[in-house]
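A quick write-up on the structure given underneath.
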Amino acid sequence: VVVADTLDPTARTNVRRHSERGVYERDRIHAILDEGMICHVAGHADGTTWMIPTAYGRRGDELLLHGAAGNHLLKAAGTGVPLTVTVTLVDAMVLARAVFSHSVNYRSVVVFGEASVITDPDDKAAALAAIVDHLLPGRSAECQAPTPSELTQTRVLRLPITEASAKVRTGPPLDQPENQDLPVWSGIVPLATLAGDPVDAPGVAEGTAPSAGWLDQRRWLRPRT
Ligand SMILES: Cc1cc2nc3c(=O)[nH]c(=O)nc-3n(C[C@H](O)[C@H](O)[C@H](O)COP(=O)(O)OP(=O)(O)OC[C@H]3O[C@@H](n4cnc5c(N)ncnc54)[C@H](O)[C@@H]3O)c2cc1C
């Protein structure tokens, strides 16, 4: 199977506002998904549009979502309710001279699709490992694998990343020409997500320590790009 490097925009994923900021390269979409930590999952069920923040993982061209078996939105999604998922990275405040021109530098992804439930226990365990490893690469191998009972208590969904867009804003504020000379400081303020020093859980087993590899990982400290 030949997989295209670029996703075709659809009627839903065609970036209309600032279309020059639209990105459809699979690698760039995946990179944003991999750098993000949480997503927002939206879907329409029981007469309301729900939106829930949650953790996720990525395995190839699939986004992996999980929750308690009774999780309302994921349960609905398992019956074919269409989902929209967003992931947002905020890179900088963009402070213009005029209120109108303020903005944010960002990289974000929107995925549309229908999820399916992962039922095979081995595949489910692998998907859960991928979600934990998305938070911290390599973590699942250090921890106890899910028991059959824990697998039963958990719903795991896969959502194809086939109808998706990214949008990226970079660069300085874009004030209107008539506001360029206003005597107001203007520029960007870079933002980054930083992880602090690990704090032991109560009763953590003697002789255990955070894996040395963690603290060295670039992913552990998320600099602006
Ligand atoms: C952190 C952040 C802050 C923002 N703040 C504002 C704000 O205050 N006001 C504002 O108007 N806009 C803001 N945006 C941009 C916003 O996400 C929309 O792109 C913009 O509002 C255009 O909306 P629209 O409905 O006209 O999009 P359209 O261009 O009509 O959207 C069509 C399709 O383009 C794709 N698309 C649109 N936006 C994005 C996106 N951000 N990421 C990935 N795919 C996308 C989707 O597939 C969408 O279905 C912000 C974005 C981010 C990430």
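Do we have D5 as more than 10 Å from the ligand (Cβ to nearest atom), under 17 Å from the mean Cα position of the chain (by Cα) and among the charged types (D, E, K, R) here? No; evaluated as a whole, the condition is false for this residue.
Taken together, the residues in segment 11-24 that are near the ligand (Cβ under 8 Å from one of its atoms) and part of a loop (DSSP other than H, G, I, E, B) amount to 7. Annotation note: of L157, L135, the sole residue that is in contact with a strand residue (DSSP E or B) (Cβ under 8 Å, 6 or more places away or on another chain), surrounded by 18 or more Cβ atoms within 10 Å (Cβ to Cβ) and over 30 Å from A96 (Cβ atoms) is L157. With a requirement of 2 or more residues that are in contact (Cβ under 8 Å) with a residue 60 or more places away in the chain, the strands (runs of 3 or more DSSP E) lying completely within segment 39-114 that satisfy it span 57-59, 62-68, 83-95, 103-113. Taking the numbered list (1) at pLDDT 95 or above; (2) basic (K, R); (3) over 16 Å from the mean Cα position of the chain (by Cα) in turn, R107 passes all entries but (3).
Filter segment 176-194 down to the residues that are in contact with a strand residue (DSSP E or B) (Cβ under 8 Å, 6 or more places away or on another chain) and not β-branched (V, I, T), then identify the one that is modelled with the lowest pLDDT. For segment 176-194, the residue satisfying everything is L194. Looking across segment 87-102 at every residue that is in contact with a Phe, Trp or Tyr (Cβ under 9 Å, 6 or more places away or on another chain) and among the hydrophobic types (A, V, I, L, M, F, W, C), the one that is nearest to the ligand (Cβ to nearest atom) is identified as V90.
The values are calculated or read from the model by the stated rules, or taken from the named source; none is laboratory data. Computed from a predicted structure; not experimentally measured. FYI the Cβ positions are ideal-geometry reconstructions off the backbone, even for glycines, and counts take in every protein chain you see.
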